[in-house]
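First comes the structure, then the notes that go with it.
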Amino acid sequence: MTVSAGALARALGRSSAPCITSSFQAECVVLTHMLLASKPDIPVLFLETFHHFAETLKYRDELTAAWNLNLVNLKAAEPKVGLWQTSTEQCCALHKVGPLFAALEQYDVWFTALRREQSPSRANLQEIEPFRLPSGKMIQRVSPLASWTTKDVWRYAKEHGIPLLPLYDVGYTSIGCEPCTTPPLDPDNPRSGRWQGQKLECGIHIQAKS
């Protein structure tokens, strides 16, 4: 666990408009807890996809109240509930990618709780790197937990008395929308329960092509 309060403060100090995205999974909550010490009003962007577990929404609301989060719920202008049955690509694009990239236009630093250990698609993740939005605007994506392991995340949560999403207690290891999330299909791959193993990413962490 190598993230220091000073490092986070410096990253925040270089930003005039920071934000953090959160799905309220363990690493997201841990990073939010760290950032609140320096920036208690940092916008916490949550993607309301209309497909979340009821447990996720309840936990989001409870933690928002307990921590007085500056929660920003993002949603598609014209959501299509059930679109995942036709195409998970289109569903993620409509309910996640579009709303998030539009919202990120007003920020200059985007904090994420991505970790290299999570997936082969994140193996080369840098702690600080430029990120191009579809408009061409460049912002900084900061992933302070890039080198952390799952044990590191859970250790931090325990040390700071942070309650975690109850779905972990029933076998889920990576939690997204309910229709496209199961307990892991491969016990050695925590994200193997997402999208029935059809893909690794929803698209929000993939840079727009030049």
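Laboratory data are not the source of any read-out in this text; all were calculated from the coordinates shown. Given the structure is predicted, the values throughout are model-derived calculations rather than measurements. Here the Cβ positions follow ideal geometry from the backbone for every residue, glycine too, while neighbour counts run over all protein chains shown.
So what is the relative contact order for the chain, in percent, with contacts set as C-alpha pairs under 8 Å and at least six apart?
Once normalised by length, the contact order is 23 percent.
From the list (1) 9, 35, 32, 17, 6, 1; (2) 8, 35, 42, 15, 1; (3) 8, 31, 35, 20, 6, 1, can you say which value of P(r) over Cα pairs in 10 Å bins from 0, in percent was derived from the structure given?
Only one option fits the structure, namely (2).
For 138, 34, which order do you get if you count the other beta carbons within 10 Å of each Cβ and list the fewest first?
Going from sparsest to densest Cβ surroundings: 138, 34.
Report the relative contact order of segment 59-108, percent, no decimals, based on alpha-carbon pairs under 8 angstrom and at least 6 residues apart.
The value is 31 percent.
Using helices alone, what [θ] at 222 nm do you get for the chain, with -39,500 (n - 2.57) per DSSP H run of 4 or more residues, divided over all residues and rounded to the nearest 500?
For the chain, the value works out to -7500 deg cm²/dmol.
With θ taken as phi - 60° and the coefficients 6.51, -1.76 and 1.60, list the Karplus ³J(HN,Hα) couplings across segment 28-37 in order, rounded to whole Hz; mark glycine and proline as x.
5, 5, 4, 5, 4, 4, 5, 5, 4, 5
Under 5 Å between amide hydrogens, which residues at least 5 positions from residue 72 or on another chain qualify, with H placed 1.01 Å from N in the peptide plane?
Amide H neighbours of residue 72, under 5 Å, 5+ apart: 44, 45, 46.
When a footprinting reagent is the concern and you count Cβ atoms within 10 Å, what order do 114, 164 take, fewest first?
Placing the least packed residue first, the sequence is 164, 114.
Using only alpha carbon pairs under 8 Å that are at least six residues apart, calculate the relative contact order of segment 27-98 and give it in whole percent.
Value for segment 27-98: 33 percent.
Taking only Cα atoms and a 10 Å spring cutoff, compute GNM fluctuations for the chain and point out the largest among 80, 151, 39.
Its mean-square fluctuation being the largest, the pick is 151.
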